[in-house]
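Since every read-out is calculated from the coordinates, none of them should be taken as a lab result. Fair warning: this is a prediction, and the values are worked out from it, not measured in the lab. Here the Cβ is made from the backbone with ideal geometry for all residues, glycine too, and neighbour counts use every protein chain on show.
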Amino acid sequence: QKEVEQDPGPLSVPEGAIVSLNCTYSNSAFQYFMWYRQYSRKGPELLMYTYSSGNKEDGRFTAQVDKSSKYISLFIRDSQPSDSATYLCAMPSGGSNYKLTFGKGTLLTVNP
Amino acid sequence: EAGVTQFPSHSVIEKGQTVTLRCDPISGHDNLYWYRRVMGKEIKFLLHFVKESKQDESGMPNNRFLAERTGGTYSTLKVQPAELEDSGVYFCASSQDLVTQYFGPGTRLLVL
C-alpha cells in the first residue's frame, strides 16, 4: 500500500465552482500535511500546510485534516481559471520533517 | 528575492553519458533538497543537505548518482553513467526551516 494516495483526475469544473481535492494516507505518524500547486513546466509551490488535525483557511483555500480517517482535503471556493494546475498533497515521512512523500497530483482545469 | 534556480532546464543525452545538474538555492537557505519525478510516478525524495553536509541520502537510487554542495551554496547532481531509467524531472528545493520547502522549476532529463 502506498503511503499517500491521490486521485490523478483530471478534474474539470466551471468558473466559480467549489473544488474538493483529496488524499488518503496510511502512516498514522504523519503530523504535517501540505498542499502544493504546480503549474505546467514549473516547480511545485507550497500553498498551505496544517499541523495535526483540523482546518486551516487562507483566502479561497481551506485545508482540512481528519487523522482518524487518514484523509486530507483541499477546498477551493469561487474557483478561477488561474487555479488551473496540478495539486499535490505531501507529507514529511520517515520520522523527519523534511523528507516529503507526495501524492501523484490531481490535474484541475477551471473553465471560464 | 530570487527563487530557486536550476540549470539546465532540459537535457537530452545518450545512455552511458554523464550529465551534471545544478541548483542554486534561495540565498541564506541552509537546507537544500533534491527530488525526482519519473514519468507516471510521484515526486520522490533523493537527498538533503544542511549547508555543505549530506544529512540524508536515503533516496539516492544507486552509486551512479553523486550530489555535492561545495561551500554550502549551490549544489550539483551528477549522473554517471546515465541509464534509460534515469529519465525524469529533477527538482531542487531549499528552505530555512525544514517544513517550508521552495522548489525550483526542475531539470527535464531524457536519456536515449
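For region A:42-49, state whether one or more residues are small (Gly, Ala, Ser), within 14 Å of chain B (Cβ to nearest Cβ) and under 22 Å from B:Leu98 (Cβ atoms). Write out each step before concluding.
Here is the first cut: in region A:42-49, the residues small (Gly, Ala, Ser) are A:43.
So of that shortlist, the ones also within 14 Å of chain B (Cβ to nearest Cβ) come out as A:43.
Now restrict to residues that are under 22 Å from B:Leu98 (Cβ atoms): A:43.
Taking every residue of region A:42-49 in turn, at least one turns out to be small (Gly, Ala, Ser), within 14 Å of chain B (Cβ to nearest Cβ) and under 22 Å from B:Leu98 (Cβ atoms).
Quick one: which strands (runs of 3 or more DSSP E) sit completely within region B:1-87 and have at least 2 residues that are among the basic types (Lys, Arg) and crowded, with 18+ Cβ neighbours inside 10 Å?
Answer list for region B:1-87: B:31-37.
Suppose we keep only residues that are within 14 Å of chain B (Cβ to nearest Cβ) and surrounded by 15 or more Cβ atoms within 10 Å (Cβ to Cβ) within region A:1-20. Which one would you say is nearest to the chain's Cα centre (by Cα)?
A:Gln6
When you scan region B:90-104, how many residues do you find that are surrounded by fewer than 20 Cβ atoms within 10 Å (Cβ to Cβ) and either in contact with a Lys or Arg (Cβ under 8 Å, 6 or more places away or on another chain) or β-branched (Val, Ile, Thr) (or both)?
So the answer is 2.
Residue by residue through region A:21-53, note down the ones that are exposed (fewer than 13 other Cβ atoms within 10 Å of the Cβ) and not in a loop (DSSP other than H, G, I, E, B).
Correct list: A:Tyr51 only.
How many residues, within region A:64-95, are of a type in the set (Gly, Ala, Ser), more than 14 Å from chain B (Cβ to nearest Cβ) and either assigned to a loop (DSSP other than H, G, I, E, B) or surrounded by 20 or more Cβ atoms within 10 Å (Cβ to Cβ) (or both)? Break it down into steps so the answer makes sense when it comes.
If we filter region A:64-95 for residues that are of a type in the set (Gly, Ala, Ser), which is where we start, we get A:68-69, A:73, A:79, A:82, A:84-85, A:90, A:93-95.
If we keep only those that are more than 14 Å from chain B (Cβ to nearest Cβ) too, we end up with A:68-69, A:73, A:79, A:82, A:84.
Then keep just the ones that are either assigned to a loop (DSSP other than H, G, I, E, B) or surrounded by 20 or more Cβ atoms within 10 Å (Cβ to Cβ) (or both); that gives A:68-69, A:79, A:84.
Adding up the residues that qualify gives 4.
With the structure loaded, tell me whether A:Phe102 is surrounded by 20 or more Cβ atoms within 10 Å (Cβ to Cβ), within 10 Å of the chain's Cα centre (by Cα) and not small (Gly, Ala, Ser) or whether it fails that test.
Values: surrounded by 20 or more Cβ atoms within 10 Å (Cβ to Cβ): yes; within 10 Å of the chain's Cα centre (by Cα): yes; not small (Gly, Ala, Ser): yes.
Criteria met by A:Phe102.
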